Amino acid sequence: MITFVLAILCGFALLIWSADRFVDGAAVSAKYAGMPTLLIGMVVVGFGTSAPEMLVSAMAAADGSPELALGNAVGSNIVNIGLILGLTAIISPIVVHSTIVKKELPLLLLVSILLAVLIWDNSLTRFDAIVLLLGFLAFIGWSIFAALKSKNDTLQNDVEQELSAQPMSLKAAITWLVIGLIVLIASSRLLVWGAVNIAELMGISDLIIGLTIVALGTSLPELAASVVAARKGEHDIAIGNVIGSNMFNILAVTGIAGVIAPAVNLSSDLLMRDWLAMFSLTLCLLVFAYGYRRTGRINRVEGVGLLLVYCAYNTWLLFSVSN
């Protein structure tokens, strides 16, 4: 047990470090390649912050633990909104100016509904997974179109400010990109190995492990990025990171895991408990970000509300395990 716990802790530490290096290297490399700043913020950073979930879920599926993979994707979305945006808003209320971010939120809600339709029969077939991956490609295409069409979006200004604060040569950026990716793969493998073995020893389902320990660990890069961005006043990056990551988690993370290992006989709790919690938090985020007769924002009271929902959900999980 001690060995497995150490494997998870080391996996988390390396995952956080490597994800940070990977995102920085990818963003700066894309900038040198001439990619539009807004596209870097929408696609490159979103892909980078979801890299831990992608690798962990892919390896879990390859190891024959598809519920851990799906639990990681859904659980990470719950952590991203309930815990990360909740804490971030308490530290520094998040004002939403970006029109791109506001356009992405309804898409995220629709994608969440699509996931519910696909797992309604308590299974995720390879065909279902391909549908999600096609949705992911469509989202990337829309992101490219939106980034090229939009001018002077506040998200673009935030990303430009963030990139200018990271003076890095192209050689250094590529080096960190490669090192970050290698360590990401190794740490993901270590984390999955430790999590699966602990689940077996404790008699806990892979789904619960994926929803809790693994989801929290793979979401730590988003937590760090959102809190730092909010404290710098880069509010659209803070919320944009979460929305982009959640979109990637549903479409790409779940899609990749489903293609590798289709899931049959999924627990009905995944839809009736976990998806419901994820959808409810996404709906709250949509209402807060659009506002009503005021600028869209997540204030401290709303941040506390998101955090309380997250705590209530985890209490529900603990009650489920104890029974």
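Assorted remarks:
- L105, sole failed condition from (1) surrounded by 16 or more Cβ atoms within 10 Å (Cβ to Cβ); (2) not in a helix (DSSP H, G or I): (2)
- Hits in the range 78-95 (condition: surrounded by 24 or more Cβ atoms within 10 Å (Cβ to Cβ) and either of a type in the set (A, V, I, L, M) or touching a Pro at 6+ places or on another chain (Cβ under 8 Å) (or both)): I78, V79, I81, I84, L85, A89, I94
Yes/no matrix, rows are residues, columns are (1) assigned to a helix (DSSP H, G or I); (2) closer than 15 Å to I185 by Cβ; (3) open to solvent by less than 20 Å² (accessible area, probe 1.4 Å); (4) among the basic types (K, R):
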| site | (1), (2), (3), (4) |
| --- | --- |
| A27 | yes, no, yes, no |
| M35 | no, no, no, no |
| V56 | yes, yes, yes, no |
| G71 | yes, no, yes, no |
| S76 | yes, no, yes, no |
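- Odd one out for A261 among (1) open to solvent by less than 40 Å² (accessible area, probe 1.4 Å); (2) farther than 23 Å from V192 by Cα; (3) more than 19 Å from the chain's Cα centre (by Cα); (4) not charged (D, E, K, R): (2)
- Those residues of the range 117-144 which are within 22 Å of V242 (Cβ to Cβ) and surrounded by 14 or more Cβ atoms within 10 Å (Cβ to Cβ), in sequence order: L132, L133, G135, F136, F139, I140, W142, S143, I144
- Only one of L191, L133 that is touching a residue at least 24 places away in the same chain (Cβ under 8 Å), touching a Phe, Trp or Tyr at 6+ places or on another chain (Cβ under 9 Å) and of a type in the set (A, V, I, L, M): L191
- The criterion of at least 1 residues that are modelled with pLDDT of 75 or more, open to solvent by 60 Å² or more (accessible area, probe 1.4 Å) and among the β-branched types (V, I, T) is met by the following helices (runs of 4 or more DSSP H) wholly inside the range 145-251: 170-202.
- Given (1) part of a helix (DSSP H, G or I); (2) free of Cβ contacts under 8 Å to residues at least 40 places away in the same chain, number of the condition V111 does not satisfy: (2)
- Single residue of the range 13-22 satisfying the filter (of a type outside the set (F, W, Y) and open to solvent by 20 Å² or more (accessible area, probe 1.4 Å)) that is nearest to S187 (Cα to Cα): L14
The values are calculated or read from the model by the stated rules, or taken from the named source; none is laboratory data. Predicted, not measured: the structure shown is a model, and the values here were computed from it. Cβ coordinates were reconstructed from backbone atoms using ideal geometry, including for glycine residues, and neighbour counts include every protein chain displayed. Protein only, heavy atoms only, side chains kept; ligands, DNA and RNA dropped before computing areas. Shrake-Rupley method; radii C 1.70, N 1.55, O 1.52, S 1.80 Å.
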